[in-house]
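Here's the structure we're looking at; comments come further down.
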Amino acid sequence: MTRADGTAAVPDVERDATGEKLAAVRTLGVGAPVLAFDVGGTDIKSALFDADGTALGLRRTPTPIADGDRTQVLLDRLEVLAAELRAAHPEVVPQAVGLVVPGIVDADAGLGVFASNLGWHDSPLRDLASARLGLPVAFDHDVRAASWAERRLGGARDYADSVVLVIGTGIAGALLVGGVPYTAGGYAGEIGHSPIADGPICACGARGCLEAVASAGAIARRYREATGIAPDGAKDVIARAAAGDEVAAEIWNSALDALTMSLAQLTAVVAPEAVVIGGGLSRAGGALFDELRTRLAARLSFHRIPALVPAELSGNAGLLGAALRARELT
């Protein structure tokens, strides 16, 4: 299949990288129609939200690859995706666009300050996207937008002061204070890169980052390095630990200790009412949540222990957050 310009059309992808079907998107409720894009290092999730808040044309397509700064190829791809969504649903006229990206993001200035896997430095993504798409653009960090969606629609809706923690290949976080995201120019919420030990060296170059010890990716990597056996992800390591594998048990225990240390620091400094945990590792259920509750209570004393709450919006939180932010412009 080709487009009018002769280039190959990007097919809809019905399953994500793990083989799972894309989850249905929770409705936003009544409001202005908007386009929403959740950009990641490997793929882009996109949809057109109608006046009832229903996601139309939800799809996941590859993030374009280019040497160095990927700003221009990303804008090219967003323009194509927007045109395809609008052509498929001509009765829905979007009033604004929501665009969320990873890395360090200064939402107020509209800048992608830094993203190692996308190659940009101080890229004026908001204004460039607005000029390309012909609509006002709400621009934000992907996990901060996800936290806003969890606050409005999901697991954080009952907690004005909360932390949203996404534990997957890496660990990302966002802070909500008084019901409002705390950004600090885009530098707040880097919980995955908070130090909890003297080692190992993290991919970011720092030592002992939480992500290097306790992310799902790190748990699987550490088991492979220790045994020479490639597990089927972190869930496999957790299952092996439960079955009596001593190496797996030690790795899982150290990951829980690291997460407990990070949550204890957040509790002492920020005192959130809740920590909302999403990402692949959250599917460990009681093996994660029950253990963290027990360990956190044992480590702290007079502190207000936060509720540990599963995220509710699955992998759609960033896209929903982008749409919610876009509606704020209308």
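Residues of the range 256-286 that are part of a helix (DSSP H, G or I), over 19 Å from Leu300 (Cβ atoms), touching a residue at least 24 places away in the same chain (Cβ under 8 Å) and not polar (S, T, N, Q): Gly280, Leu281, Arg283, Ala284.
Checked against the criterion of being in contact with a Phe, Trp or Tyr (Cβ under 9 Å, 6 or more places away or on another chain) and either among the hydrophobic types (A, V, I, L, M, F, W, C) or closer than 17 Å to Ala172 by Cα (or both), the range 294-307 has at least one qualifying residue.
Search the range 225-240 for residues being surrounded by fewer than 15 Cβ atoms within 10 Å (Cβ to Cβ) and in a loop (DSSP other than H, G, I, E, B), and hand back the single one that is nearest to the chain's Cα centre (by Cα). By that ranking, first place goes to Asp232. Are any residues in the range 121-152 of a type outside the set (A, V, I, L, M) and buried (at least 21 other Cβ atoms within 10 Å of the Cβ), and if so, which ones? Result: Ser123, Arg126, Phe139, Asp140, His141, Asp142, Arg144, Ser147, Trp148, Glu150, Arg151. Being in contact with a strand residue (DSSP E or B) (Cβ under 9 Å, 6 or more places away or on another chain), assigned to a helix (DSSP H, G or I) and more than 21 Å from Pro102 (Cα to Cα): is that true of Arg325 here? Here the answer is no, as Arg325 does not meet what is asked. Quick check on the range 126-144: of everything there that is in contact with a helix residue (DSSP H, G or I) (Cβ under 7 Å, 6 or more places away or on another chain), assigned to a helix (DSSP H, G or I) and modelled with pLDDT of 95 or more, which residue is nearest to Gln95 (Cα to Cα)? Out of the qualifying residues, it is Leu133. In the range 113-122, what residues are at pLDDT 95 or above and either closer than 17 Å to Asp43 by Cβ or not in a strand (DSSP E or B) (or both)? If the condition is that a residue be at pLDDT 95 or above and either closer than 17 Å to Asp43 by Cβ or not in a strand (DSSP E or B) (or both), then no residue fits.
The range 153-212 holds strands (runs of 3 or more DSSP E) entirely within its bounds, and those carrying 2 or more residues that are surrounded by fewer than 21 Cβ atoms within 10 Å (Cβ to Cβ) map to 180-182. Please indicate, with yes or no, whether at least one residue in the range 301-316 is among the β-branched types (Val, Ile, Thr) and out of contact with any strand residue (DSSP E or B) (no Cβ under 8 Å at 6 or more places or on another chain). Yes, the range 301-316 contains at least one residue that is among the β-branched types (Val, Ile, Thr) and out of contact with any strand residue (DSSP E or B) (no Cβ under 8 Å at 6 or more places or on another chain). Looking only at residues in the range 168-211 that are over 26 Å from Gly110 (Cα atoms) and of a type in the set (A, V, I, L, M), the one that is nearest to the chain's Cα centre (by Cα) is Leu210. Gly189 meets each of the listed conditions (1) out of contact with any strand residue (DSSP E or B) (no Cβ under 8 Å at 6 or more places or on another chain); (2) within 27 Å of Asp140 (Cα to Cα); (3) in contact (Cβ under 8 Å) with a residue 40 or more places away in the chain apart from (1).
For the range 268-293, how many residues are in contact with a helix residue (DSSP H, G or I) (Cβ under 9 Å, 6 or more places away or on another chain) and either surrounded by fewer than 20 Cβ atoms within 10 Å (Cβ to Cβ) or small (Gly, Ala, Ser) (or both)? Residues that pass the stated criteria total 10. Of everything in the range 244-267 that is under 22 Å from the mean Cα position of the chain (by Cα) and β-branched (Val, Ile, Thr), the residue that is surrounded by the most Cβ atoms within 10 Å (Cβ to Cβ) is Thr260.
The values are calculated or read from the model by the stated rules, or taken from the named source; none is laboratory data. All values reported here derive from a predicted model rather than from experimental measurement. We place every Cβ from the backbone using ideal geometry, glycine too, and count neighbours over all the protein chains shown.
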